[in-house]
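First the structure, in the form of structure tokens, and then the observations on it.
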Amino acid sequence: MVNVNNISVSFGGTTLFSDVSFSINENDKIALMGKNGAGKSTLLKIIAGVSKPTSGTITGPKDAVIAYLPQHLLTQDNVTVFEETSRAFEEMYGMQHELDALNEQLTERTDYESDDYMKLIERVSELSEKFYSIEETNYDAEVEKVLKGLGFERADFGRQTSEFSGGWRMRIELAKILLKKPDLILLDEPTNHMDIESIQWLEDFLVNNAKAVIVISHDRAFVDNITNRTIEVTLGRIYDYKATYSHYLELRKERRQHQLKAYEEQQRFIADTQEFIDRFRGTYSKTLQVQSRVKMLEKLDIIEIDEVDTSALRLKFPPSPRSGQYPVIVEELTKTYGEHTVFAKAAMVIERGEKVAFVGKNGEGKSTMIKAIMGEIDFEGSLKIGHNAKIGYFAQNQAALLDGELTVFETIDQIAVGDVRVKIKDLLGAFMFSGDDTTKKVKVLSGGEKTRLAMIKLLLEPVNVLILDEPTNHLDMKTKDIIKEALQDFDGTLILVSHDRDFLDGLANKVFEFGNKRVREHFEDIKGFLAYKKMNSLQDIER
């Protein structure tokens with residue numbers, strides 16, 4: 001259906017990937033994988049026609065509809081959710097309006113023999129054939145079904161899009177894409193900011209209703225549930241397997257083992273042949289044999305072993321200054337928005353050094369409680385921040401708040417003080433920004449690179465209370481593991497909001513459950529909490 005032909009991308013003297021080719025077939029569900037910065041989002045933009053490659057082409061049928069959901073997007077602020085979503089059918093409405101206008105002209109005009117009149121008839125015929133071939137649809141019902149599937153309530157339909165967070169606006173854009181029923185859907189991190197119910201609905205839609213799909217996601221379960229093919233972008237090349245991501249990892253491991261075995265055998269053969277050449281060079285009776293072996297070595301194709309990406313985020317939080325015994329004390333806390341109560345008379349006590357998780361469905365108050373702790377919203381009740389509590393806060397939209405026109409180095413140079421100023425390059429290097437990476441503008445960074453840069457800013461001042469709201473969004477699986485290890489070693493107090501059970505497992509030693517306008521305290525880790533609830537996963541809690 002769509003062909004990627006010898007695509008290469010270079011900028012600033014760096015080659016992101018070269019001579020990449022593959023075909024996207026009808027009903028392919030492709031996981032596009034690779035470490036942060038490998039070029040996944042760039043490749044998706046090229047297929048979508050948003051960006052141009054340095055060389056190579058994208059080819060496909062002229063009438064193929066390709067829909068693209070980027071990581072970051074803007075929707076208009078002067079329309080309702082329902083109106084914005086209905087724009088998915090703008091082409092249909094446009095065709096209808098054009099047909100009405102053309103038919104009106106046909107009834108009014110009398111120049112039946114003119115070329116213009118004949119062209120008018122041809123256009124009406126062409127447009128009518130296209131318009132009436134489309135299955136008759138109740139568009140309002142379709143809009144309602146998709147919005148509800150993505151987590152919107154009927155009461156949200158008439159609200160202005162400006163009232164919603166970036167994550168909910170992303171869902172509006174996703175709804176428009178799904179309603180267009182495109183031939184190819186390109187999704188860049190679609191599950192960020194989604195609760196489990198919405199993710200499951202999206203999984204079901206993509207498997208049962210969508211045609212071809214390419215998705216970038218660091219949610220392994222989501223990727224495995226919807227895809228039947230994996231393309232990994234790594235070290236400037238791609239590897240293409242008709243397998244789920246988890247199966248692909250096994251196949252890749254086997255492939256490298258076979259390569260290693262063949263490489264070792266070839267190296268032994270080369271050593272033995274070279275030894276024969278060196279031993280009998282100049283011996284008259286062996287001249288022909290020596291020459292034959294020299295030619296053999298010259299023609300030999302040397303087996304290459306796939307490089308393994310060994311780059312690692314060497315992350316260490318600075319020692320935290322000692323806080324009081326209780327950094328956060330909440331009593332009788334109530335928060336309402338108009339007639340809507342988020343939670344009522346909530347209570348919690350967080351001790352120094354505790355690592356706690358906030359869990360629950362979206363909209364039940366996790367981020368609202370964090371905003372209350374940060375002093376960003378008004379509330380009823382009491383919330384005390386303990387003696388000498390120095391709070392570091394990583395919000396869901398932290399990466400989006402970076403100045404896109406600054407370089408990576410300038411971003412840190414602006415806020416670095418004292419001894420840190422002479423160690424900025426070392427600090428950036430520790431977060432995998434080295435060489436030319438430090439001179440890149442923030443606006444060209446991938447979502448994961450922006451998240452890492454935002455994390456550096458958070459670490460420049462020692463804190464003893466670390467609040468992280470969905471910190472793993474946009475991070476690849478390896479980087480998530482490394483950040484988790486660093487947080488396990490963090491000697492301060494940690495408050496985590498996350499839908500990622502694997503990330504929380506072994507990290508949080510207490511759970512606050514948000515739901516039904518209440519906050520419940522559980523003195524167990526995630527495994528113990530789920531066992532107590534007689535549930536298998538966080539998705540059961542969020543459901």
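The values are calculated or read from the model by the stated rules, or taken from the named source; none is laboratory data. As the structure is a computational prediction, the values presented were derived from the model and not from experiment. Positions of Cβ are backbone-derived with ideal geometry, glycine not excepted, and every protein chain shown enters the neighbour counts. Just the protein is used for accessible areas: all its heavy atoms, side chains included, with ligands, DNA and RNA removed. Shrake-Rupley method; radii C 1.70, N 1.55, O 1.52, S 1.80 Å.
Tabulated data
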{"item": "Hey, Leu178 touching a Gly at 6+ places or on another chain (Cβ under 9 Å), within 27 Å of Asp502 (Cα to Cα) and not acidic (Asp, Glu) or not", "result": "no"}
{"item": "Within the range 432-478, tally of residues that are polar (S, T, N, Q) and in contact with a Lys or Arg (Cβ under 7 Å, 6 or more places away or on another chain)", "result": "3"}
{"item": "Segments classed as helices (runs of 4 or more DSSP H), wholly inside the range 329-437, with at least 2 members that are open to solvent by 50 Å² or more (accessible area, probe 1.4 Å)", "result": "408-413, 424-430"}
{"item": "Phe157 being open to solvent by 10 Å² or more (accessible area, probe 1.4 Å) and among the aromatic types (Phe, Trp, Tyr)", "result": "yes"}
{"item": "Scan of the range 83-117 for residues that are more than 30 Å from Ile172 (Cβ to Cβ), open to solvent by 90 Å² or more (accessible area, probe 1.4 Å) and charged (D, E, K, R), ordered by number", "result": "Glu104, Glu108, Glu113, Asp115, Asp116"}
{"item": "Number of the exception - Thr107 against (1) at pLDDT 80 or above; (2) within 27 Å of the chain's Cα centre (by Cα); (3) β-branched (Val, Ile, Thr)", "result": "(2)"}
{"item": "Matching residues, the range 176-216, being modelled with pLDDT under 85, in contact with an Asp or Glu (Cβ under 6 Å, 6 or more places away or on another chain) and not aliphatic (A, V, I, L, M)", "result": "Thr191, Asp195"}
{"item": "Answer from Leu187, Leu178 - the residue that is under 15 Å from Lys29 (Cβ atoms), open to solvent by less than 30 Å² (accessible area, probe 1.4 Å) and assigned to a helix (DSSP H, G or I)", "result": "Leu178"}
{"item": "Matching strands (runs of 3 or more DSSP E) fully within the range 195-302 where at least 3 residues are among the aliphatic types (A, V, I, L, M) and open to solvent by less than 90 Å² (accessible area, probe 1.4 Å)", "result": "212-216"}
{"item": "Test result for Pro61, in contact (Cβ under 8 Å) with a residue 40 or more places away in the chain and open to solvent by 60 Å² or more (accessible area, probe 1.4 Å)", "result": "yes"}
{"item": "Residue under evaluation Ala67, criteria (1) assigned to a helix (DSSP H, G or I); (2) under 28 Å from the mean Cα position of the chain (by Cα), criterion not met", "result": "(1)"}
{"item": "Criterion: under 30 Å from Glu232 (Cβ atoms) and at pLDDT 80 or above - qualifying residue of Glu513, Glu524, Glu470", "result": "Glu470"}
{"item": "Scan of the range 453-485 for residues that are open to solvent by 10 Å² or more (accessible area, probe 1.4 Å), outside any loop (DSSP other than H, G, I, E, B) and more than 22 Å from Ala221 (Cβ to Cβ), ordered by number", "result": "Lys457, Leu458, Leu459"}
{"item": "Sole exception among (1) open to solvent by 10 Å² or more (accessible area, probe 1.4 Å); (2) over 30 Å from Glu104 (Cβ atoms); (3) modelled with pLDDT under 80 for Glu173, by number", "result": "(3)"}
